[in-house]
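Encoded as structure tokens, the structure appears first; notes follow it.
The values are calculated or read from the model by the stated rules, or taken from the named source; none is laboratory data. Predicted, not measured: the structure shown is a model, and the values here were computed from it. When we count neighbours, we look across all protein chains shown, and the Cβ atoms used for this are built from the backbone with ideal geometry, even at glycine.
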Amino acid sequence: MVEFALVLPVFILLLLGAVEFGRAYLDLHLLTNAAREGARAGSLPGATETDVQNTVDNFLDETALSGGWSTTITVEDSDGNTRSGGLSDAQEGDRVYVSISYDFEVLSGSVIPGWSGTVTLSSDCVFRHE
């Protein structure tokens with residue numbers, strides 16, 4: 001009984017940690033795929049920021065994520081200068097960056113030290129404009 005009482009808290013901590021990190025990794029994977037889809041949509045000729053935002057929103061709406069993500073779209077020319085006009089000013093060969101950040105809600109409370117409340121997850125992707 002004494003050994004069980006000593007080992008049980010460590011076992012529960014490891015179990016909750018595995019579940020929380022698994023959830024966080026899944027959400028990060030979904031964000032990465034959404035950024036990739038958005039960057040691909042933004043790389044197409046005639047694409048607009050609205051097209052990219054709609055692509056990202058549609059992708060993430062179909063997942064288990066519960067809103068609260070923010071998307072940043074940046075277009076850089078071949079010299080690394082940001083284009084002020086965004087996608088409407090993009091030329092062939094420019095780089096389209098799509099970054100998504102999301103506030104991940106930790107469900108295990110403060111059981112895991114340093115891992116409580118909300119944790120910001122972010123992912124980004126870059127495609128060349130066609």
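Side notes on the structure shown:
- Meets criteria (in contact with an Asp or Glu (Cβ under 8 Å, 6 or more places away or on another chain), surrounded by 13 or more Cβ atoms within 10 Å (Cβ to Cβ) and farther than 17 Å from residue 22 by Cβ) for residue 102: no
- In the range 37-52, residue farthest from residue 121 (Cα to Cα) [restricted to those that are in contact with a strand residue (DSSP E or B) (Cβ under 7 Å, 6 or more places away or on another chain) and surrounded by 20 or more Cβ atoms within 10 Å (Cβ to Cβ)]: 43
- Some residue of the range 4-14 being closer than 14 Å to residue 125 by Cα, out of contact with any Lys or Arg (no Cβ under 8 Å at 6 or more places or on another chain) and exposed (fewer than 15 other Cβ atoms within 10 Å of the Cβ): no
- In the range 20-36, the residue that is surrounded by the fewest Cβ atoms within 10 Å (Cβ to Cβ) out of those that are small (Gly, Ala, Ser) and closer than 15 Å to residue 124 by Cβ is 35.
- Just one of the listed residues (107, 87, 65, 44) is closer than 30 Å to residue 14 by Cα and touching a residue at least 40 places away in the same chain (Cβ under 8 Å), namely 107.
- When 55, 63, 72 are checked against the criterion of being within 15 Å of the chain's Cα centre (by Cα) and surrounded by 16 or more Cβ atoms within 10 Å (Cβ to Cβ), a single residue qualifies: 55.
- Within the range 49-69, the residues that satisfy the criterion of being of a type in the set (Ser, Thr, Tyr) and modelled with pLDDT of 90 or more are 50, 55.
- Consider the range 113-130 and keep the residues that are in contact with a Leu (Cβ under 8 Å, 6 or more places away or on another chain) and outside any loop (DSSP other than H, G, I, E, B). The one that is nearest to residue 76 (Cα to Cα) is 123.
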